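Report on one structure; see the data block that follows.
Nothing in this text is a laboratory measurement; each read-out follows from the coordinates by a stated rule. From a predicted model like this one, the values you see are computed outputs, not experimental measurements. As a convention, Cβ positions derive from the backbone with ideal geometry for all residues, glycine included, and neighbour counts pool all protein chains shown.
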Amino acid sequence: MKKGLKIALKVIIVLFALIGIFFSGTYLAMELKLTNDKGNIDGNDRYFNEIKDKYNQSFKKDTSQFKAKEFEALHRILILNKYCPKNAELILNAYTVSNNEIEVLRMLDAVDMQMQGNSSYLSEITKHQENKKVQPSSISGSIFDWMNISEWSDFKVAVAKDKILIDSVANLTGVEPRLIVSVLVGEQIRLFNSKREAYKKWIGPLKILSVESKFSLGVTGIKEFTAKRIEAYIKDSTSKYYLGKQYEHLLDFQTDSVDRERFSRLTSFRSHYYSYMYAALFIKQMKVQWEKAGFPITDRPEILATLFNVGYEQSLPKINPRVGGSSITIEEKIHSFGSIAYEFYYSGELFDLFPFKAKKFDWNEG
């Protein structure tokens, strides 16, 4: 009995000793940091560090590159869409919501890490990166050189003042406002000349449009004999230029002195409403004539402007119309009336005031 108690006592003492040794060893290991898990180094650790350095503080402050970052993000999303449409869609949605180029570029960098084994994708990305290194063009202004002269800036201020009038005419005639402005540009730029006394005294300082009152009339340069034909054709249902009954009374006169009233309405300095109305109706008559002949030119602003400039006599519907009209010299370079109108129409200038409509004609008809 005594022998059994002695054995049990020894076992208990040994157990307590072992427990003491375990805790002492654990404490010592912790003090010596022997228990710390060193962990694994991610295979993309260098890549993560490169990304961190890429989007440093100087990158964030470089506001001059915001547009470049936006273009880069969109271009890379397009590349990604060829290989991983799902991820491209998610990133594009994130960009649409956040409008944060830097975070979207980070999202694309995260994708690039997973695409390291895709040689085709990496080749496209590399090519894109190399293209970015190409020196930018030395052109600081518009690619359309005539838009870099000071008179163009004055014109934009002046035409903005007439937006309500132009929109009003557009709604009544169904002719796109930007199309009306295109022929206005062609006529006004022909008169651009900062050396002219009228420009130095009135047009430049006051930022107003040139109003013609001799061979051509008004801000759109309508000739008197052309104005008379426009008036006649909107009422003549048998004419190939006839637009429809709803347009017949848009140019009705209020007095018996028709010639005087016509001249007065077209050359008014206070309101250019009729200059725009005659121009819009003329453009639409050209459109209808060519459409009836089987040669639609609805989507050809350069042809419509050319016809506006050369007049009824030279409006001969055919399969391959030519762009042209008056030759306009600006800064010793020759432009045609039609090309000036075309370049403005597709330039993006004044787009906030005169954007594209879904259709150039009759967009408000059901």
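For the stretch 209-255, would you read off the P(r) tail past 15 Å as a percentage of all alpha carbon pairs? Counting pairs separated by more than 15 Å, the tail of P(r) holds 53 percent.
Fully extending the segment from Glu103 to Ser327 would add 75.6 nm, taking 0.36 nm per residue of separation and subtracting the current Cα-Cα distance. Between Asp362 and Ser119, the modelled labels are 5.8 nm apart [label points 7 Å from Cα along Cα→Cβ]. The mean sequence distance of close C-alpha pairs (under 8 Å, at least 6 residues apart), as a share of the length of the stretch 145-345, puts its relative contact order at 23 percent.
Computed about the Cα centre, the dipole magnitude for the stretch 178-307 is approximately 440 debye when only Lys and Arg (+1) and Asp and Glu (-1) carry charge, each at its Cβ. So who's got an amide H within less than 5 Å of the one on Ser336, skipping anything under 5 residues away but keeping other chains? H placed 1.01 Å off N, in plane. Distant-sequence amide H within range of Ser336: Ile328.
When the C-alpha to C-alpha distance is required to be over 32 Å, the pairs from Lys156/Lys287; Lys69/Lys156; Lys228/Lys292; Lys214/Lys287; Lys86/Lys360; Lys214/Lys240 that qualify are Lys86/Lys360.
Treating r as the C-beta distance of Asp145 and Asp256 and R0 as 56 Å, the FRET efficiency rounds to 0.70.
Local charge for Ile334 was computed over the other residues whose Cβ lies under 15 Å away, with Lys and Arg +1 and Asp and Glu -1, and equals -2. Our compactness index for the stretch 145-345, the C-alpha radius of gyration over the empirical 2.2 N^0.38 Å, is 0.99. Full extension of the chain between Thr126 and Lys86 yields a length gain of 12.2 nm, computed as 0.36 nm times the residue separation minus the alpha carbon distance. Evaluated on the stretch 157-267, the Kirkwood hydrodynamic radius is 15.6 Å, with distances taken between all distinct Cα atoms. Tally Lys/Arg at +1 and Asp/Glu at -1 over every other residue whose Cβ is under 15 Å from the Cβ of Val258; what's the total? After counting each charged neighbour, the total is 0.
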